[in-house]
Amino acid sequence: MTETGDGERGRWLWLARRSLAVIRANQAASGAYLASPNFRVYRFSWFRDGAFIADAMSRAGDIASAEAFFGWCARVVTDRRDRIEGLLDRRYADMPVDTAELLHARYTVDGRETDEEWTDHQTDGYGAWLWALDAHRLRHGRPIEPYLDGAVLSARYAAGFWDHPCYDWWEERPDQVHTSTLAAIHGGLTAAAGWPQVDAVIRAELLSAAGAILREVVADARRLGHLAKWRGASATDASLISCATPFRLLAPDSPLMAATLRSIEADLVRDCGVHRYRADTYYGGGQWILLAALLGWHYVELGRIEDAQAQLRWIASRASEIGELPEQVPEHLLAPESLVPWENQWGLTAIPLLWSHAMYLTLALTLGAVDPDALRD
């Protein structure tokens, strides 16, 4: 393992503490996390982003923060019980369901939908928060009952609509069934199916959907020898790392995952920074902090500790002077001509992005670069 000096470890700890402070400052009284306070269209809470943020807070020992978010998720879902039950009835009766009728991906901090036009239909978050809730339960021995009603309803919704096309992590291509979305759903369904409080009939329903997801993903991946961005595609996407780390659709060292990682490293990684996908033009197609951390987290699981340290080092060097992490950095741009048009439309890239801070925390803690006891108040 590469030796690291006290100065570098001190900076890693400082940035971890700053990350906790940024997240806490942007968690509403309702439990919802703002995606970013300084980027207008991100002043909402997403189930997907929030799941990773809550998991990081749980790892850091902030049980109250994580559970406040889980409570918010459960309330948002149970408030829409009648709508979900109606959608599932129609789905299983083979009646048409319009995408506009399905649940949203982002909500106001008090759990309301917004009338603003947005890429709302994303299913991954309804599985991701169940994965985070279960990891928290196992990590701290916490009860599941306060969230059980909303969690089971969320799992049933995800099981019913897992194969319905939706927007991906990047809120693009609503006409496709995305592999990373399927991984998040699979992770949530298998987590919920393991809870003894879940009815046997519902458990069988969740496991059936999880099994179908696994079979579909593996069958599609065998076309190419690696995972693809969506069903029938050929391109990869860095979000595919989540199929192993953390959602365990595949084992981190499985042949398909190893081949997928080689493709991602060859096509999307430059000097530790990670692009989303080759055709990306958003803000010039820069390198994403959260993906660099996700890759580092995966390296830890593979035992590639020096590579994981390199990812952590790269992220820490991209923090601002006050310890804020952006969504992406404009390095090795894939489409440099598109950077200024995006800045003219929406302003500079989002900073701070809570998801970036959460993924930094997760990598630092998983790698052992930061002692969780040093983060206690």
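The values are calculated or read from the model by the stated rules, or taken from the named source; none is laboratory data. Computed from a predicted structure; not experimentally measured. Positions of Cβ are backbone-derived with ideal geometry, glycine not excepted, and every protein chain shown enters the neighbour counts.
Worth a mention:
- Members of the range 34-58 found to be β-branched (V, I, T) and either touching a strand residue (DSSP E or B) at 6+ places or on another chain (Cβ under 8 Å) or over 25 Å from E343 (Cβ atoms) (or both), listed by number: I53
- Summed over the range 322-377, residues that are among the aliphatic types (A, V, I, L, M), under 26 Å from Q27 (Cβ atoms) and surrounded by 14 or more Cβ atoms within 10 Å (Cβ to Cβ) total 16.
- Of all residues in the range 33-44, those that are touching a residue at least 24 places away in the same chain (Cβ under 8 Å) and within 17 Å of E113 (Cβ to Cβ) have Cβ atoms under 6 Å from Cβ atoms of residues that are of a type in the set (A, V, I, L, M) and in a loop (DSSP other than H, G, I, E, B), 6 or more apart or on another chain, in Y42/A35; Y42/A350.
- Flag for S356 being out of contact with any helix residue (DSSP H, G or I) (no Cβ under 9 Å at 6 or more places or on another chain), among the small types (G, A, S) and at pLDDT 95 or above: no
- Selection from the range 332-351 of residues that are in contact (Cβ under 8 Å) with a residue 60 or more places away in the chain and within 13 Å of Y282 (Cβ to Cβ): W342, E343, W346, T349, A350
- Scanning the range 2-19 for residues that are in a loop (DSSP other than H, G, I, E, B), of a type in the set (G, A, S) and over 17 Å from the mean Cα position of the chain (by Cα) turns up at least one hit.
- Within the set Y360, Y299, the sole residue that is free of Cβ contacts under 8 Å to residues at least 24 places away in the same chain and either touching a strand residue (DSSP E or B) at 6+ places or on another chain (Cβ under 7 Å) or closer than 30 Å to R248 by Cα (or both) turns out to be Y299.
- Restricting Y277, Y299, Y283 to those that are assigned to a loop (DSSP other than H, G, I, E, B), crowded, with 16+ Cβ neighbours inside 10 Å and either touching a Gly at 6+ places or on another chain (Cβ under 6 Å) or at pLDDT 95 or above (or both) reduces the list to Y277.
- When V177, V217, V198 are checked against the criterion of being under 30 Å from Y147 (Cβ atoms), modelled with pLDDT of 95 or more and over 22 Å from the mean Cα position of the chain (by Cα), a single residue qualifies: V198.
- Out of L354, L312, L365, one residue alone is in contact (Cβ under 8 Å) with a residue 24 or more places away in the chain and in contact with a Ser or Thr (Cβ under 7 Å, 6 or more places away or on another chain). It is L354.
Residue by residue, here is whether (1) closer than 21 Å to D55 by Cβ; (2) not in a helix (DSSP H, G or I); (3) not polar (S, T, N, Q) holds:
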site	(1), (2), (3)
L334	no, yes, yes
S356	yes, no, no
Y360	yes, no, yes
L365	yes, no, yes
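- Lone qualifier among D110, D134, D115, D94 - being touching a residue at least 24 places away in the same chain (Cβ under 8 Å), not hydrophobic (A, V, I, L, M, F, W, C) and not in a helix (DSSP H, G or I): D110
- Filter pass, I213 being surrounded by 21 or more Cβ atoms within 10 Å (Cβ to Cβ) and either in contact with a His (Cβ under 6 Å, 6 or more places away or on another chain) or without any contact (Cβ under 8 Å) to a residue 60 or more places away in the chain (or both): yes
- Some residue of the range 21-44 being part of a helix (DSSP H, G or I), more than 17 Å from the chain's Cα centre (by Cα), modelled with pLDDT of 95 or more and within 16 Å of I289 (Cβ to Cβ): yes
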